[in-house]
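This report refers to the structure that appears directly beneath it.
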């Protein structure tokens, strides 16, 4: 008799990113769906990895991450956010931001716990919560600016609320937390046992001279937060899958108990290379301006079409409304766009559990200008 698995995620199939990327390859479409750059990362950083390997840095490093890398992360965090961290107790290097998110959730959640999740949301959040036997409490962001309805959040709180998940800059909408959001959050969690998980992988991809409202800026929020980051987004190397988590020492101790039996040690040469490269501030401080130029260029080009841009203040992404083009569902239109126009996008409905429809698609503008121009030309030709 062959054993059968009772699925922990019975409603989950292949991710929308894999589906749309496969469709893009099948129809030779320009892929503005999945969030990865098509331009080269820093040659200097690549050379530093090669040097590290040739110098013999190819064996396990410390479970918590290369010590000098954690020191550099602490230095950078203090410079940017004014918060002093202990690299020995407060920082753990992880194989990517998504891993850090899963580990933080697994550290805290028990069956029956409730977690507040704002939708649309990055696709790993709800499955990660459900894998741990907890219950996602879904709160829609307010269309079209995708702001948080804090009155609704208060209504959804219960004695079972264990965590609130935040993501700023936000994937897929490009919205960001405001100072008012921070004040509302501070009031909400004060004198509670509620944890915060803050997904800040796009921390440096922020536009229009806005400030990234990191949990690291606010000691009263940081004392209850797991804050997750990604080097892949910062240095245009998403395939490296290298990130880190910051949390208070007491919380990080528990996080590391889960981490040590799952990953144990991350890619050593990359850690040596990033530790060296982090001494340069310009690459991450100039990142927002570089990506803002791409957002603006794509937005300007898209004015030739009937797509309407929704505000994007950060991330790799911008949502575009197509309500002047067709009444098709987001999924149907995204598929037709890939097949007929040769441009792949992601339907925003894919980021909702109930597939909420607002007639918007997500486009990734972290591409060479030639790629963006070619994509828009195809859209213009297809929808004249």
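Hey, any hits in the stretch 292-308 for a residue that's more than 14 Å from residue 376 (Cα to Cα), in the same structural domain as residue 21 (by TED's automatic domain parsing), surrounded by fewer than 19 Cβ atoms within 10 Å (Cβ to Cβ) and in contact with a strand residue (DSSP E or B) (Cβ under 6 Å, 6 or more places away or on another chain)?
So the first thing to find is which residues in the stretch 292-308 are more than 14 Å from residue 376 (Cα to Cα), and the list is 292-293.
In the following step, the residues that additionally are in the same structural domain as residue 21 (by TED's automatic domain parsing) were identified as 292-293.
When the remaining residues are screened for being surrounded by fewer than 19 Cβ atoms within 10 Å (Cβ to Cβ), the result is 293.
Those left that are additionally in contact with a strand residue (DSSP E or B) (Cβ under 6 Å, 6 or more places away or on another chain): none.
There is no residue in the stretch 292-308 that is more than 14 Å from residue 376 (Cα to Cα), in the same structural domain as residue 21 (by TED's automatic domain parsing), surrounded by fewer than 19 Cβ atoms within 10 Å (Cβ to Cβ) and in contact with a strand residue (DSSP E or B) (Cβ under 6 Å, 6 or more places away or on another chain).
Condition first: buried (at least 19 other Cβ atoms within 10 Å of the Cβ), more than 11 Å from residue 105 (Cβ to Cβ) and more than 18 Å from the chain's Cα centre (by Cα). Now tell me which residues in the stretch 140-168 satisfy that.
161
Can you list residue pairs whose Cβ atoms sit under 7 Å apart, with the first residue in the stretch 317-335 being outside the structural domain of residue 305 (by TED's automatic domain parsing) and the second being outside any helix (DSSP H, G or I) and surrounded by 14 or more Cβ atoms within 10 Å (Cβ to Cβ)? Count only pairs 6 or more apart in sequence or on different chains.
Partner pairs satisfying both residue conditions: none exist.
Do we have any residue at all in the stretch 172-189 that's more than 29 Å from residue 348 (Cβ to Cβ) and in contact (Cβ under 8 Å) with a residue 40 or more places away in the chain?
no
Tell me which of these residue 69 doesn't satisfy, since it passes every other one: (1) over 22 Å from residue 274 (Cβ atoms); (2) more than 21 Å from the chain's Cα centre (by Cα); (3) buried (at least 21 other Cβ atoms within 10 Å of the Cβ).
Checking residue 69 against (1) over 22 Å from residue 274 (Cβ atoms); (2) more than 21 Å from the chain's Cα centre (by Cα); (3) buried (at least 21 other Cβ atoms within 10 Å of the Cβ), the one that fails is (1).
Say whether the condition of being in contact (Cβ under 8 Å) with a residue 60 or more places away in the chain, closer than 27 Å to residue 308 by Cα and not assigned by TED's automatic domain parsing to the domain that holds residue 310 is met by at least one residue in the stretch 123-135.
Checked the stretch 123-135: at least one residue is in contact (Cβ under 8 Å) with a residue 60 or more places away in the chain, closer than 27 Å to residue 308 by Cα and not assigned by TED's automatic domain parsing to the domain that holds residue 310.
Look through the stretch 309-320, keep the residues that are outside any strand (DSSP E or B) and out of contact with any helix residue (DSSP H, G or I) (no Cβ under 8 Å at 6 or more places or on another chain), and return whichever of them is surrounded by the most Cβ atoms within 10 Å (Cβ to Cβ). I'd like the intermediate steps shown before the answer.
Taking the stretch 309-320 as the starting set, the residues that turn out to be outside any strand (DSSP E or B) are 310-313, 315-316.
Those left that are additionally out of contact with any helix residue (DSSP H, G or I) (no Cβ under 8 Å at 6 or more places or on another chain): 310-311, 313, 315.
On the way: 310: 20, 311: 15, 313: 23, 315: 29.
Of everything passing the filter in the stretch 309-320, 315 is surrounded by the most Cβ atoms within 10 Å (Cβ to Cβ).
Yes/no per residue for (1) over 30 Å from residue 218 (Cα atoms); (2) at pLDDT below 95:
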residue	(1), (2)
5	yes, yes
12	yes, yes
41	yes, no
44	yes, no
49	yes, no
54	yes, no
66	no, no
76	no, no
102	no, no
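Within the stretch 349-363, can one find any residue that is in a loop (DSSP other than H, G, I, E, B) and under 14 Å from residue 305 (Cβ atoms)?
No, the stretch 349-363 has no match at all.
Quick check on residue 181: is it assigned by TED's automatic domain parsing to the domain that holds residue 112, assigned to a loop (DSSP other than H, G, I, E, B) and out of contact with any helix residue (DSSP H, G or I) (no Cβ under 6 Å at 6 or more places or on another chain)?
Taking the combined requirement at face value, the residue does not satisfy it.
For residue 323, all conditions in the list (1) touching a helix residue (DSSP H, G or I) at 6+ places or on another chain (Cβ under 8 Å); (2) farther than 14 Å from residue 33 by Cα; (3) assigned to a loop (DSSP other than H, G, I, E, B) hold save one; what is the number of the exception?
The single condition residue 323 does not satisfy is (1).
Check whether at least one residue in the stretch 27-37 is assigned to a helix (DSSP H, G or I) and modelled with pLDDT of 95 or more, and report yes or no.
no
The values are calculated or read from the model by the stated rules, or taken from the named source; none is laboratory data. Since this is a predicted model, take the numbers as computed values, not measurements. FYI the Cβ positions are ideal-geometry reconstructions off the backbone, even for glycines, and counts take in every protein chain you see.
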